[in-house]
């Protein structure tokens, strides 16, 4: 049987055809092998990784992975130089992401991109930048001079009229109220940024607070901080003024804690100062008591020294009935001139005629003893003119004042009051110093006490009073004279007047001294801290050997037990034992290298040259000198507040008031202000519209 019968045909087979078929078959086999091999290679590096990691680059020829960021910023790692060979592991990429090199390059790249975007923005050209900074200078000027922002367009026009090359003409000038407020915010943020940066780097800080009401009866809390910078500079800075929705101790404490926790510096708070109000200094539930339970380290609490002095003077006057008569007379002097322009003009004319200083009769304030001193001083220095005015007066008030001013006892007491208030005022001004040091307080109080005792309490056999009183007594010579004259005016006088006067001044002087001693008791901690002021040290090396050892122990005992937080005892603020070890060497270094210098001079040098040698002693000094003893800075802040938020500007919001106070109180001179930083902050607030 043959297949031919079924229609199949015979064909001659060519050997070349057989060879070609074999070749095709072999090529197909090889092709399949290549596909399989490619599939194997594809499994080693997945292209989707390139989409997942935008910085990743894969070299297919050499089978290596690279990091474009690390290459761009010239890092020295495998991904940046020779390339990573473990291309089959995604974990290798993730490991690279977590390296310090890559983290650093990401930050650098982010900064580079931001800079490029800024450069691409139309308003960032030099001309437009100068225009913005020119407007900022005008805003800064207004804020420093406590002037309203509504004057900005007028100020800018005035500058343009002066042909300033920095200000451009165009439809977008950035002089409207919204832009002015944005510039104000950027300027304020620049200043506050510096203050908060300093605070974040200090060892410790103290806080001063006080409450006040502005012209719209809005309650505010004024907050200041005192600290020693990391370079050793003593500073007191305005932090902020915030509205008070709750004026109790709990509400005030919450405001403080929120502010300091937000900045992560609450743990560095070591001291607190305020006035004597119970809401602030209540023993168990005052702000200070509540803070003491929260703070990391023992909180040193101080009742404002100037407020204590005012209370001492106020309480002393309660001991003397005659004081009320003098106070009433001084107020009548003020009212006599306050209500009449002709009386004021008459006073000035007579003062000029007598070649006396042209002085105003000033108002008394209940607790402002500087105002008391100014009022009494001006009256005593104007007595010749006052006697002449009242003597010639045709009205009842003038004749009554003449009668009282020609009383020997009243005149003597006015001069006495002038004398003693001079001592109190000198002390008050000293206690209001910025960066008041604990080592200076007790000596100045003692000097004041000694002066009062010498002049009016511990009299010698000759019974010589203070200079002004003694001069008056010598000129009037009241002993045995039937007629006493003073500046050609007859004075009313009886022998009992002199005895009553000496009793009055002895009572008041003794009362003042007692009040000062009671309100400024010796505090062992501050007495011990005096050893941290080299000016208190003995000059002899033998005495210096043991000097301050006991006092140092008193200080260390105070700080050796930090508070507990979540039932965990926190570490000490410095190493107690090493502080003891450093003390002896510290005394020798100071004595040999910084003899008789003030701590403000010594501390920056110590930190620069000896921070590694005496780290614990230096920390202790930084703590001691950040302690505030007065809240007078808050009073200055409220005085500035009242200059800014006036009757004509009573709609100022608290956040705007805060920015204006920050610039007015803490801003440097315009030529020293960092306008470039303020410009950067402003330009980053939001996308800016370009100039037309």
Kindly indicate the residue of the stretch 240-255 that is without any contact (Cβ under 8 Å) to a residue 12 or more places away in the chain and in a helix (DSSP H, G or I) and also farthest from the chain's Cα centre (by Cα) among those meeting that condition.
251
Can you report the number of residues in the stretch 256-278 which are surrounded by fewer than 19 Cβ atoms within 10 Å (Cβ to Cβ) and part of a helix (DSSP H, G or I)?
8
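Okay, residues lined up against (1) over 52 Å from the mean Cα position of the chain (by Cα); (2) surrounded by 14 or more Cβ atoms within 10 Å (Cβ to Cβ); (3) at pLDDT below 90:
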{"position": "449", "(1), (2), (3)": "no, yes, no"}
{"position": "452", "(1), (2), (3)": "no, yes, no"}
{"position": "466", "(1), (2), (3)": "no, yes, yes"}
{"position": "471", "(1), (2), (3)": "no, no, no"}
{"position": "477", "(1), (2), (3)": "yes, no, yes"}
{"position": "482", "(1), (2), (3)": "yes, no, yes"}
{"position": "486", "(1), (2), (3)": "yes, yes, no"}
{"position": "489", "(1), (2), (3)": "yes, yes, no"}
Assess whether residue 517 counts as being part of a helix (DSSP H, G or I) and either within 30 Å of residue 418 (Cβ to Cβ) or modelled with pLDDT of 90 or more (or both).
yes
Based on this model, can you work out whether residue 416 counts as crowded, with 21+ Cβ neighbours inside 10 Å and in the same structural domain as residue 485 (by TED's automatic domain parsing)?
yes
Selection from the stretch 595-620 of residues touching a residue at least 60 places away in the same chain (Cβ under 8 Å) and surrounded by fewer than 18 Cβ atoms within 10 Å (Cβ to Cβ) yields 595, 596, 597, 598, 600, 604, 605, 608
If you check residue 284 against the conditions, is it over 41 Å from the mean Cα position of the chain (by Cα), surrounded by fewer than 17 Cβ atoms within 10 Å (Cβ to Cβ) and without any contact (Cβ under 8 Å) to a residue 12 or more places away in the chain?
no
Please give the helices (runs of 4 or more DSSP H) falling wholly within the stretch 44-153 in which 1 or more residues are touching a helix residue (DSSP H, G or I) at 6+ places or on another chain (Cβ under 6 Å).
68-72, 90-97, 100-120, 126-144
All conditions in (1) within 27 Å of the chain's Cα centre (by Cα); (2) in a helix (DSSP H, G or I) are true of residue 435 except (2)
So, restricting to helices (runs of 4 or more DSSP H) that lie completely within the stretch 566-658, which ones have at least 1 residues that are touching a strand residue (DSSP E or B) at 6+ places or on another chain (Cβ under 9 Å) and under 30 Å from residue 238 (Cβ atoms)?
599-610, 615-624, 632-644
Exactly one condition in (1) over 17 Å from residue 413 (Cα atoms); (2) within 52 Å of the chain's Cα centre (by Cα); (3) assigned to a loop (DSSP other than H, G, I, E, B) is false for residue 529; which is it?
(3)
Is it fair to say residue 496 is loosely packed, with under 12 Cβ neighbours inside 10 Å and on the phi < 0 side of the Ramachandran plot?
yes
Single residue of 235, 219 found to be more than 21 Å from residue 438 (Cα to Cα) and in contact with a strand residue (DSSP E or B) (Cβ under 7 Å, 6 or more places away or on another chain)
219
Quickly run through the stretch 213-235 and pick out the residues that are surrounded by 15 or more Cβ atoms within 10 Å (Cβ to Cβ) and closer than 13 Å to residue 202 by Cα.
225, 226, 227, 228, 229, 232, 234, 235
If I ask for residues that are part of a loop (DSSP other than H, G, I, E, B) and touching a residue at least 40 places away in the same chain (Cβ under 8 Å), which ones from the stretch 204-230 would you list?
204, 214, 215, 216, 218, 230
Any chance residue 623 is within 27 Å of residue 573 (Cβ to Cβ) and surrounded by 13 or more Cβ atoms within 10 Å (Cβ to Cβ):
yes
Residues (closer than 12 Å to residue 136 by Cβ, at pLDDT 95 or above and part of a helix (DSSP H, G or I)) located in the stretch 659-674
663
Is it the case that residue 203 is in contact with a strand residue (DSSP E or B) (Cβ under 8 Å, 6 or more places away or on another chain) and loosely packed, with under 14 Cβ neighbours inside 10 Å?
no
Can you say whether residue 601 is within 22 Å of the chain's Cα centre (by Cα), closer than 30 Å to residue 143 by Cα and modelled with pLDDT under 95, as far as the supplied structure shows?
no
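The values are calculated or read from the model by the stated rules, or taken from the named source; none is laboratory data. The shown structure was predicted, so the numbers you read here are calculated from the model rather than taken from an experiment. Methodologically, a virtual Cβ is constructed for each residue, glycine included, from the backbone with ideal geometry; neighbour enumeration extends over all protein chains shown.
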